[in-house]
Amino acid sequence: ATKNEEEINQELISRVRQLIGPIASFKLAAAVKGLPRTRSGKTIRKSIADLARSKIVK
């Protein structure tokens, strides 16, 4: 059986809450195809913020 995006989000949120605790809990999760990276392979944090604001990221 396949899960829809909402079920996966709820599972992620409850799992983080269970493993780390309520202090690390979040309310919204979003699936993305990939994260922008630098030449050295590090994730570009500003681009993650832009993705959250629905801005176009190169």
*Determine the gain in length on full extension of the stretch Leu35-Ala49; use 0.36 nm per residue of separation and subtract their C-alpha separation, reporting nm with one decimal.*
3.9 nm
*Can you list the equivalent-ellipsoid semi-axes of the chain, largest first and in whole Å, using the square root of 5 times each Cα gyration tensor eigenvalue?*
25, 15, 12
*Points 7 angstrom from Cα along the Cβ direction at Glu5 and Leu28: gap in nanometres?*
1.2 nm
*On a 0 to 90° scale, report how tilted helix 5-19 is relative to the longest principal axis of the chain, with both axes built from alpha carbons and the result rounded to the nearest 10.*
80 degrees
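Bear in mind these aren't lab numbers, they're just calculated from the coordinates by the rules spelled out. Computed from a predicted model, the values in this text were never measured in an experiment. Don't worry about glycine lacking a Cβ; one is built from the backbone with ideal geometry, like all the others, and counts go over all protein chains shown.
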